[in-house]
């Protein structure tokens with residue numbers, strides 16, 4: 001029992017389960033309106049993709065605070081599509097795959113926008129941390145997906161997608177210095193999270 005509770009706690013990253021339930025609950029009235037209007041979860045997912053691309057472009061042209069605002073809309077749309085699917089019986093296999101795919105694209109747009117901005121500012125070396133941060137983010141998700149497809153549990157690691165997006169949002173609020181700090185941190189921390197998940201899977205397999 002304690003082990004299960006511990007695993008669930010870790011799987012939530014920095015956010016507690018009660019906080020996540022409360023935060024998602026804030027979007028339920030909007031989800032009800034969208035449901036009555038006939039809006040599907042997949043449609044909201046596509047809207048999230050549009051917001052992600054727009055945020056990336058805004059970051060690329062150094063409109064970081066406007067990019068921050070659009071990025072928030074992207075995150076909110078990502079929450080709403082999940083709520084629509086889970087709370088109103090709209091879950092489908094394709095919808096789950098589409099949602100995960102769009103999540104990866106949106107993270108790419110954000111980091112690509114940062115990388116483009118660094119290049120435009122003549123700070124080419126900072127493109128490398130952007131690449132590492134994006135690659136690490138993908139690997140965090142990939143290791144878990146691959147493990148679960150093999151019948152193993154992989155609910156470990158603090159830097160899941162909500163935590164990564166929250167850190168990016170906080171960094172952007174502090175302007176150029178904040179972006180530098182969060183990109184550098186994610187370039188390293190996402191690799192650590194991916195490796196920790198890999199070690200967790202190795203232990204489950206008996207260390208073989």
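The values are calculated or read from the model by the stated rules, or taken from the named source; none is laboratory data. Source: prediction; values computed, not measured. Every residue, glycine among them, receives a Cβ derived from its backbone with ideal geometry; neighbour counts consider all protein chains shown.
Looking only at the range 119-163, residues that are part of a loop (DSSP other than H, G, I, E, B), modelled with pLDDT of 95 or more and under 27 Å from residue 204 (Cα atoms) come to 0 in all. Apart from one condition, residue 168 fits all of (1) assigned to a helix (DSSP H, G or I); (2) in contact (Cβ under 8 Å) with a residue 60 or more places away in the chain; (3) surrounded by fewer than 17 Cβ atoms within 10 Å (Cβ to Cβ); the exception is (3). Taking the conditions (1) surrounded by 19 or more Cβ atoms within 10 Å (Cβ to Cβ); (2) within 15 Å of residue 59 (Cα to Cα) in turn, residue 159 satisfies each one other than (2).
Residues in the range 104-116 that are crowded, with 19+ Cβ neighbours inside 10 Å and either under 17 Å from the mean Cα position of the chain (by Cα) or assigned to a loop (DSSP other than H, G, I, E, B) (or both): 106, 107, 109, 110, 111, 112, 113, 114. With respect to (1) under 16 Å from residue 113 (Cβ atoms); (2) within 14 Å of the chain's Cα centre (by Cα), the lone exception for residue 158 is condition (1).
Restricting attention to the range 171-184, the residues that are surrounded by fewer than 16 Cβ atoms within 10 Å (Cβ to Cβ) and touching a residue at least 12 places away in the same chain (Cβ under 8 Å) total 3.
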